[in-house]
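Written below as structure tokens is the structure these notes are about.
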Ligand SMILES: [Zn+2]
């Protein structure tokens, strides 16, 4: 398997890849710690200025964690890799606006509950889809 170039990672971070390429990048990141580290470094250098607060992320992740824990019996513990990825999905999706809608918590928890049966890729797909739906909804709302 070839490693991902920084250019690809940047495009991925900005959601500028087509769907197919995005999925390929995503699954590579799940399998390859080297590329993940490069990617996380990219994120950290870019998102600190306009990110959601660390506090929020911590709270969300701990909510997800406790929810996940109560639904899992002998699953592997929640890894820091997943935590970082979740952080990224909040940051990259520009969720600052969406986070004002408390519904996102339920969405995240619902999606997380599916974690045991779904692949990680489909979780992110669902999350991104819900985000887009919310954003579209809000845009439509403002036009009235
Ligand atoms: Zn790689």
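The values are calculated or read from the model by the stated rules, or taken from the named source; none is laboratory data. Predicted, not measured: the structure shown is a model, and the values here were computed from it. Positions of Cβ are backbone-derived with ideal geometry, glycine not excepted, and every protein chain shown enters the neighbour counts.
Some notes on this structure:
- The residues in region 55-87 that are part of a loop (DSSP other than H, G, I, E, B) and either at pLDDT 65 or above or surrounded by 13 or more Cβ atoms within 10 Å (Cβ to Cβ) (or both) can be counted, and the count is 3.
- Residues in region 1-25 that are surrounded by 17 or more Cβ atoms within 10 Å (Cβ to Cβ) and either touching a residue at least 40 places away in the same chain (Cβ under 8 Å) or within 12 Å of the ligand (Cβ to nearest atom) (or both): 5 in all.
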